[in-house]
Amino acid sequence: MIWLLVFSVYLTLDPVLGSTYVAAVYEHNVILNPEPHVHLSRRDALKHMQKNLDVYEQQAARATQQGVQILVFPEDGIHGFNYTRSSISSYLEIIPDPRQESWNPCTEPGRYNNTEVLQRLSCMARRYDLYLVANMAGMQPCPLSTDPSAPCPSDGRWQFNTNVAFSSDGLLVARYHKRNLYFEAEFDTPPQSEIITFDTPFAGRFGLIICFDILFHDPAVSLVERGVRQVVFPTAWMNQLPLLDAVQFHRAFSLGANITLLAANIRNDRLIMKGSGIYTPFSATYHHALEGDPEEGRLLVARVPVLDPLWVGWGGTEAAVKGESTSTMATDSRYCHQDSCVEPSPPAPAPSASPSYPIFISSMMYDPFNFVLLNETEGELRVCDGTFCCRLQYRRFPNGNSKELYALGVFAGTHTVNGRYALQVCAVVRCADLNASSCGQELVEAGSKMDFLLEGTFNTSYVYPSVLASHLILEQPEHLEKSADGRVTMKHSNMTAGLVTACLYGRMYHLDNE
């Protein structure tokens with residue numbers, strides 16, 4: 001299927017479509033097991049989990065007072081992390097497949113043994129009359145076999161990082177096993193990739209993914225390509241600037257995939273976990289704690305539109321909508337196909353760098369980017385990595401007499417550190433100091449605002465745009481365009497704060513295994 005950026009008018013198609021609903025995500029300061037490698041009794045594991053569930057209960061009560069209809073809690077928020085396969089065993093619960101049987105743990109607690117967490121979550125959803133999604137440690141017995149090629153683990157059970165979803169009457173409506181694990185020795189990869197959804201009376205269909213899943217085709221892209229426009233995303237995201245901060249990339253995925261993403265993160269400053277949000281193609285309600293902020297939970301609530309499931313387009317959106325959130329104002333953005341734009345498209349970049357601006361290589365996100373410096377207050381630059389080229393037109397507005405160095409970087413290749421995935425990336429970044437070798441390093445502050453047009457011709461339809469300003473403020477690009485030859489253009493001006501990163505993050509899913 002070919003995905004194109006398009007410009008369209010948002011239409012009310014029926015009483016559900018065109019309406020709104022109230023969503024909430026909770027960024028949880030998880031209470032951890034101080035010795036996760038030590039095996040606990042079931043009683044002690046429950047004692048630990050009930051402490052986190054007590055916090056969940058408080059937040060569910062707060063949410064229902066604000067009219068919330070769906071509430072999302074983060075990955076690992078009940079049990080924590082850093083377990084071994086053995087030490088997590090007392091935290092596991094059998095979670096039946098709602099596609100195979102109907103079960104309400106709150107009203108039928110005796111059907112399965114050792115399902116106290118499921119029962120509490122189910123009763124929470126029922127008591128507060130909302131749809132509830134949480135992440136927990138699940139298990140599934142499997143038959144032992146003497147066949148060494150059999151997928152069943154030697155201890156006779158699958159252990160899964162699992163999302164569970166409950167309806168407002170407590171019915172278990174969805175179970176999803178995380179496909180793309182991130183250094184999780186305690187869990188198994190499911191034998192088959194799962195595409196899991198659940199339906200609601202107020203907003204139609206939602207899909208389920210977990211954390212690292214968002215960087216891969218399955219299940220995230222598969223959900224969207226099947227028409228799912230609302231994705232629930234529990235995560236324990238470890239931020240990495242300048243390209244993969246939580247609010248930055250999760251917002252970029254929402255824009256690129258043209259979906260609503262309900263992203264609930266853990267709050268753990270030692271592990272650089274923070275940043276949650278409710279993202280639609282034209283608005284963002286988010287929170288990203290800064291250094292020195294209290295390490296505490298945060299409930300985010302937003303009224304968001306129901307997106308038309310029939311409207312499918314990778315990076316397309318309904319007509320520009322102005323909407324104010326608790327953390328940011330979405331600007332009037334334009335998405336159009338090449339033939340419908342009023343402004344003519346600029347020429348494609350040539351496969352070479354600007355001769356007057358030498359290329360240098362610096363590491364960004366552990367990848368060797370080709371960079372050129374922005375040495376003037378305005379100008380035009382080109383830089384390539386092989387045949388993949390990026391072009392930038394810019395005008396900088398320095399903050400007083402402060403000096404800052406910026407660079408345009410390009411990378412085309414396979415990222416291999418802490419995960420393997422193929423990329424094509426165009427990025428404008430503020431360098432950490434005035435030395436070129438600092439370009440690509442992490443920072444959160446910038447004083448120079450910039451009007452710019454950033455462009456690349458990609459060999460993939462899956463491109464995720466982001467503009468990140470000083471102190472981790474998200475800005476919505478003014479203009480995004482994709483032409484039939486793969487050229488993607490992002491234009492932005494009138495920034496509210498200094499530019500940290502402007503990025504077109506292309507994922508070459510088809511090359512991941514090469």
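The values are calculated or read from the model by the stated rules, or taken from the named source; none is laboratory data. Since we're looking at a predicted model, the values are computed, not measured. When we count neighbours, we look across all protein chains shown, and the Cβ atoms used for this are built from the backbone with ideal geometry, even at glycine. Remember, those area values only see protein heavy atoms, side chains included, never the ligands or the DNA or RNA. Shrake-Rupley method; radii C 1.70, N 1.55, O 1.52, S 1.80 Å.
Just to check your reading of the model, which residue among 245, 269, 218, 308 is under 15 Å from the mean Cα position of the chain (by Cα), of a type in the set (Asp, Glu) and surrounded by fewer than 24 Cβ atoms within 10 Å (Cβ to Cβ)? Please lay out each step first, then the result.
Working: 245 fails: surrounded by fewer than 24 Cβ atoms within 10 Å (Cβ to Cβ); 269 fails: under 15 Å from the mean Cα position of the chain (by Cα); 308 fails: under 15 Å from the mean Cα position of the chain (by Cα).
Among 245, 269, 218, 308, only 218 is under 15 Å from the mean Cα position of the chain (by Cα), of a type in the set (Asp, Glu) and surrounded by fewer than 24 Cβ atoms within 10 Å (Cβ to Cβ).
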Problem - Residues being open to solvent by 10 Å² or more (accessible area, probe 1.4 Å), touching a helix residue (DSSP H, G or I) at 6+ places or on another chain (Cβ under 8 Å) and not aliphatic (A, V, I, L, M) - total across segment 49-82 - result: 3
Practice task
Show the residue pairs that are 6+ apart or on different chains and have beta-carbon atoms under 8 Å apart, the first residue being within segment 126-143 and farther than 14 Å from residue 234 by Cα, the second being of a type in the set (Lys, Arg) and open to solvent by 10 Å² or more (accessible area, probe 1.4 Å).
Solution key: 138/175; 139/157; 140/157; 141/157; 142/157
Fill in the blank from the handout: Of 413, 447, 486, the only residue that is surrounded by fewer than 19 Cβ atoms within 10 Å (Cβ to Cβ), closer than 16 Å to residue 215 by Cα and either free of Cβ contacts under 8 Å to residues at least 40 places away in the same chain or among the small types (Gly, Ala, Ser) (or both) is 413
Fill in the blank from the handout: Over segment 395-410, the set of residues over 25 Å from the mean Cα position of the chain (by Cα) and open to solvent by less than 10 Å² (accessible area, probe 1.4 Å) is 406, 407
Handout entry: Qualifying position, being within 21 Å of residue 476 (Cβ to Cβ), aliphatic (A, V, I, L, M) and either open to solvent by 10 Å² or more (accessible area, probe 1.4 Å) or in a strand (DSSP E or B) (or both), among 383, 429
Key = 429
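Each row is one residue, and each column tells you yes or no for (1) modelled with pLDDT of 55 or more; (2) within 30 Å of residue 60 (Cβ to Cβ); (3) assigned by the TED database to the domain that holds residue 495.
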residue: 330; (1), (2), (3): no, yes, no
residue: 345; (1), (2), (3): no, no, no
residue: 380; (1), (2), (3): yes, no, yes
residue: 383; (1), (2), (3): yes, no, yes
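Suppose we filter 105, 96, 109 for residues that are outside any helix (DSSP H, G or I), surrounded by 20 or more Cβ atoms within 10 Å (Cβ to Cβ) and more than 23 Å from the chain's Cα centre (by Cα); which single one remains?
Working: 96 fails: surrounded by 20 or more Cβ atoms within 10 Å (Cβ to Cβ); 109 fails: surrounded by 20 or more Cβ atoms within 10 Å (Cβ to Cβ).
Answer to the selection: 105.
Can you say whether residue 502 is buried (at least 21 other Cβ atoms within 10 Å of the Cβ), in a loop (DSSP other than H, G, I, E, B) and not polar (S, T, N, Q), as far as the supplied structure shows?
Working: buried (at least 21 other Cβ atoms within 10 Å of the Cβ): yes; in a loop (DSSP other than H, G, I, E, B): no; not polar (S, T, N, Q): yes.
No: the conditions fail for residue 502.
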Practice task
Return a yes/no flag: does segment 138-145 have any residue that is assigned to a loop (DSSP other than H, G, I, E, B), touching a Phe, Trp or Tyr at 6+ places or on another chain (Cβ under 8 Å), at pLDDT below 95 and open to solvent by 10 Å² or more (accessible area, probe 1.4 Å).
Solution key: yes
Practice task
Identify, by number, the condition in (1) under 29 Å from residue 63 (Cα atoms); (2) loosely packed, with under 15 Cβ neighbours inside 10 Å; (3) not hydrophobic (A, V, I, L, M, F, W, C) that residue 151 doesn't meet.
Solution key: (1)
